[in-house]
């Protein structure tokens, strides 16, 4: 039933621009692999090339032992779910689901049985006679999923499947998809720009940036052990601190952070520290001293905006019980745990500290 | 207290504004209705009244005349061929214009509208130039004994030329609107290009296509300028319904002219109803947010 997808040296050029540049990875059989990256990172193009909707400039695509690269779209036997559902608007829900069976000339009886089975699976049996414009966004996407699954594809490709839905529906549908996958076990490849979605749903994450693969690994590895500065900054929020390497530490004026043993002496370096790795020290003494600029509550956590002695701003997510009485205006000591140090990329020329896109912790 | 006073003052001002707006609106509506009625409806009423003046019997008498029958037959032939050709090629051209990016696309896009801008008489003249006695293609066809100019083929050709834009102009915005997603979905579900076209694309554009066909039909039936030039005015041979009216008036057969005009007007009204129905369906279809 399930088959791995293997992508080898896949490249797609539009004129001089390489949308996808020498991408290789394997999506293991029966697992969910997420292609994670910002918009324009080439992740959708990779998916569309696997489906046959785009023709690669170079590279090969396999489904198990079988090479797909030169096969036409209709012969690949992949299920594809589009961001904007792409339901056939002139067909009812059941006609939509039936479409893939009808073009394969399956018998009417087996078509009907399969449609019933799938509508039950996506919990839309009562909506069989409706037209797509009579459904909500979440329902439409479930119809799209049922339609993609109907011809029993060996792999399921999902292109930002929750991208057009509002936050609440997205959460529900994500959990529902997770359960569905556990039940069906079909090899799935999910394209998303939402790191939370990738970390929650995927067994394996492929982080892409500017057409290239930055890192391939399990969600926990991607999060805890980023291989590149891009991954460290993009997956999860992080405080970005620029300094210089001396004796295995990143020096930032008033203080220094460990974890730079692998970097050459004297190079410019960037250290990433996650907001939840910034702790308020219980007493005098710690990694760095800072002034508390702002304390805001995020439910069970407090978000502290702090100015370090050297002038850099960092954000800390601290449980209320571990604030040790820190208030706005206080001068406190901080522990900065698990810093990840990288040679500073030439592109990140901006001085001082910045913080990656805000992450609201789930309660 | 001042608040209360202000509140009292407001309704009179509002009332005045409301009355002014109502007046402007009524004047606009009356003006528009009058304009449409005088310009569009009066001629139609005139034709009906004049045609039926000698009594209803004149209709049957006229429609049994052999030259009238032949004129309608010819109009029918030209219209059917025109509709088939412009529909098939209109679909292809519209699809290429929307789905393909190529050098000269903008030029092609503009070229499609040429018949809108060109006077039909010019089109007729150009056809004479190409197929007439000293025309570029005359030798080729004359050698094979095929009469183009002053015969039905030229009349069909100029009508097709004039009707080219209608279907294309209706289809392009609809194709742009529906996008590629549904066609892509169909392909991934195992449908071939043909299946995708007939089961997915065509149902999505059918009302716009119907609208284009109805417009083309109306134009093909009503065309006279270009057709007149290339017809050579051979009585009973190259006389379409519109040309019949033209010559009948010249020859003071006013009654016959008006009856034929009445039939053409009746066809127009049927087409108008169809157009309205197609337009509504097409807009409803496009309103879907899938």
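Going through B:196, B:217 one at a time, which residue ends up being more than 14 Å from chain A (Cβ to nearest Cβ) and buried (at least 17 other Cβ atoms within 10 Å of the Cβ)?
Working: B:196 fails: more than 14 Å from chain A (Cβ to nearest Cβ).
It is B:217.
May I ask you to list the residues in the range B:124-152 that are part of a helix (DSSP H, G or I) and touching a residue at least 12 places away in the same chain (Cβ under 8 Å)?
Narrowing the range B:124-152 to residues part of a helix (DSSP H, G or I): B:124-131, B:138-143, B:152.
Passing the criteria: B:124, B:125, B:127, B:128, B:131, B:152.
Residue B:268 fulfils the conditions (1) surrounded by fewer than 19 Cβ atoms within 10 Å (Cβ to Cβ); (2) touching a residue at least 60 places away in the same chain (Cβ under 8 Å); (3) away from chain A (no Cβ under 14 Å) except for a single criterion, (2). So, residue B:226, is that one more than 14 Å from chain A (Cβ to nearest Cβ) and surrounded by fewer than 17 Cβ atoms within 10 Å (Cβ to Cβ) or not? Taking the combined requirement at face value, the residue does not satisfy it.
Quick one: which residue in B:75, B:50 is at pLDDT 90 or above, in a helix (DSSP H, G or I) and within 28 Å of the chain's Cα centre (by Cα)? Please lay out each step first, then the result.
Working: B:50 fails: at pLDDT 90 or above.
Only one candidate passes the filter, namely B:75.
Among the residues of the range A:214-229, those identified as crowded, with 20+ Cβ neighbours inside 10 Å and within 13 Å of the chain's Cα centre (by Cα) are A:214, A:215, A:222. Looking at residue B:164, is it crowded, with 20+ Cβ neighbours inside 10 Å, part of a helix (DSSP H, G or I) and within 11 Å of chain A (Cβ to nearest Cβ)? No: the conditions fail for residue B:164.
Can you find even one residue in the range B:80-88 that is at pLDDT below 95 and under 28 Å from residue B:257 (Cα atoms)? Scanning the range B:80-88 turns up no residue that is at pLDDT below 95 and under 28 Å from residue B:257 (Cα atoms).
For the range A:123-151, the set of residues classified as without any contact (Cβ under 8 Å) to a residue 40 or more places away in the chain and assigned to a loop (DSSP other than H, G, I, E, B) consists of A:123, A:124, A:128, A:129, A:130, A:136, listed by residue number. For the range A:133-155, residues that are surrounded by fewer than 24 Cβ atoms within 10 Å (Cβ to Cβ) and touching a strand residue (DSSP E or B) at 6+ places or on another chain (Cβ under 7 Å) total 3. Just the residues that are within 10 Å of chain A (Cβ to nearest Cβ) and farther than 18 Å from residue B:96 by Cβ, please, taken from the range B:201-214. Across the range B:201-214, the qualifying residues are B:203, B:206. Taking (1) farther than 19 Å from residue A:193 by Cα; (2) surrounded by fewer than 19 Cβ atoms within 10 Å (Cβ to Cβ); (3) away from chain B (no Cβ under 14 Å) in turn, residue A:39 satisfies each apart from (1). Within the range A:46-65, restricting attention to residues that are outside any loop (DSSP other than H, G, I, E, B) and touching a residue at least 60 places away in the same chain (Cβ under 8 Å), the residue that is nearest to the other protein chains (Cβ to nearest Cβ) is A:51. When the range A:146-163 is examined, which residues are found to be at the interface with another protein chain (Cβ under 10 Å from one of its Cβ atoms) and more than 19 Å from residue A:27 (Cα to Cα)? Answer for the range A:146-163, where residues must be at the interface with another protein chain (Cβ under 10 Å from one of its Cβ atoms) and more than 19 Å from residue A:27 (Cα to Cα): A:147, A:150, A:151. Condition check: assigned to a loop (DSSP other than H, G, I, E, B), farther than 21 Å from residue B:53 by Cβ, without any contact (Cβ under 8 Å) to a residue 60 or more places away in the chain and more than 14 Å from every other protein chain (Cβ to nearest Cβ). Does residue B:233 satisfy that? Yes.
When residues in the range A:71-111 are screened for being within 7 Å of another protein chain (Cβ to nearest Cβ), out of contact with any strand residue (DSSP E or B) (no Cβ under 8 Å at 6 or more places or on another chain) and over 28 Å from residue B:282 (Cβ atoms), 3 of them pass.
The values are calculated or read from the model by the stated rules, or taken from the named source; none is laboratory data. Remember, it's a predicted structure, so these values are computed and weren't measured experimentally. Because the Cβ atoms are built from the backbone with ideal geometry, glycine has one as well, and the counts that use them run over all protein chains shown.
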